[in-house]
Amino acid sequence: MKAGIQRATFQTTGGAIGLSLIVISLSIFGCADLAISSADYESSSNHSPSAAFQISSAASAASPETAISDDPQDEPFDPFAQAGESDLEEYDPWEPFNTKVFEFNRQIDRWLLKPVATGYDFIMPNLLQQGVSNFFYNARFVPRFVNNILQGKFRGAGIEAGRFLVNTTLGLAGFIDWASDMDLTTPEEDLGQTLGFYGVKPGPYLIVPLYPPFTVRDLVGYVGDVFLNPIYWLALPIIEIDKIPSAVPHSSRLTTSLILLSAKVTEVVNERSLNLEKYEGVEESAVDLYSAVRNAYLQKRAKAIRE
């Protein structure tokens with residue numbers, strides 16, 4: 001009986017530790033997006049972390065190669081535009097709260113994430129960093145595929161399926177992006193965009209600690225995309241569904257949490273390392289970084305939904 005009590009105590013302790021590690025890993029994952037999005041707006045690649053995953057941003061205004069168009073929807077973004085200079089409504093009723101959290105996130109990046117990423121960049125060749133980024137992007141295939149289907153973008157769903165098949169096999173589990181070389185590219189879709197496609201309004205702009213900028217609609221979509229990813233309930237379950245087996249047993253929550261935490265830390269540091277110079281350029285260029293990030297994020301999301 002004493003042994004049974006000890007085993008029960010150990011399992012309870014392990015479960016508590018596992019839950020704590022899951023929370024930490026999800027928070028660190030948010031930090032990834034926090035630092036990465038600045039690069040996302042500069043880059044023409046679809047490989048943004050989660051989805052998401054963005055503190056973002058501001059960098060992609062228009063590249064020099066962007067053609068001038070008479071269609072206002074085709075005009076390049078100006079992330080440094082002041083409020084009122086575009087038709088986009090910047091609904092930010094929680095700005096006093098958001099600005100404080102934004103600054104907190106910047107300091108976390110400045111004193112923790114950036115130094116670690118700088119050291120990582122010193123020892124890790126850029127080619128390997130890109131391969132790691134490709135691997136994590138490939139692993140998020142299912143939510144992108146499902147959201148293409150939900151929006152009736154069957155061609156995009158087909159391309160996503162083709163990309164996954166090619167990169168998972170020929171590309172060594174996604175480390176090599178052969179699909180892009182074969183011109184298998186399509187815009188990345190997420191549940192926030194799907195909700196917007198069906199007319200759900202974005203709601204207030206929101207920044208939460210250790211996570212990317214959101215609108216209320218995009219925050220709901222962000223959580224929904226976690227549930228859409230089978231990794232979290234078939235491979236490394238943080239979502240437990242009765243009678244559905246998983247690669248790691250549901251009872252091994254501590255093991256699952258450690259694997260997820262290691263993966264998220266790797267992804268966060270790798271993506272931050274890839275974007276060290278781009279994020280620094282955004283900070284140096286913007287007079288009001290908070291407004292620049294907000295403007296770029298809202299424009300980028302509006303354009304993604306239109307497409």
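The values are calculated or read from the model by the stated rules, or taken from the named source; none is laboratory data. This is a predicted model, so every value here is computed, not measured. With ideal geometry, Cβ positions are generated from the backbone for all residues, glycine too; neighbour counts draw on all protein chains shown. What goes into the accessible areas is simple: the full protein's heavy atoms, side chains included, and nothing from ligands, DNA or RNA. Shrake-Rupley method; radii C 1.70, N 1.55, O 1.52, S 1.80 Å.
Summary table below
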quantity	calculated
For segment 208-250, the Rg and Dmax computed from alpha carbons only, in angstrom	13.0, 36
Karplus-derived 3J(HN,Hα), 6.51/-1.76/1.60, for each residue of segment 295-305, Hz, glycine and proline x	4, 5, 4, 5, 5, 4, 5, 5, 5, 4, 6
Positive-pole candidate from ILE231, LEU274, TRP111, dipole of segment 94-306, charges at beta carbon	ILE231
Most to least packed among 209-217, 299-307 [average Cβ atoms within 10 Å]	209-217, 299-307
Against the rule of thumb 2.2 N^0.38 Å, how large the Cα Rg of segment 94-306 comes out	1.09
Anisotropy class of segment 191-287 from Cα gyration tensor, a/c 1.5 cut	oblate
Note, ³J(HN,Hα) from phi for segment 265-275, Karplus 6.51, -1.76, 1.60, rounded to Hz, x at Gly and Pro	4, 4, 5, 4, 5, 5, 5, 5, 5, 5, 10
Accessible area of segment 94-306 belonging to carbon and sulfur atoms, whole % at 1.4 Å probe	69 percent
Most to least packed among 126-136, 270-280, 233-243 [average Cβ atoms within 10 Å]	270-280, 126-136, 233-243
Most to least packed among 255-262, 96-103, 185-192 [average Cβ atoms within 10 Å]	185-192, 255-262, 96-103
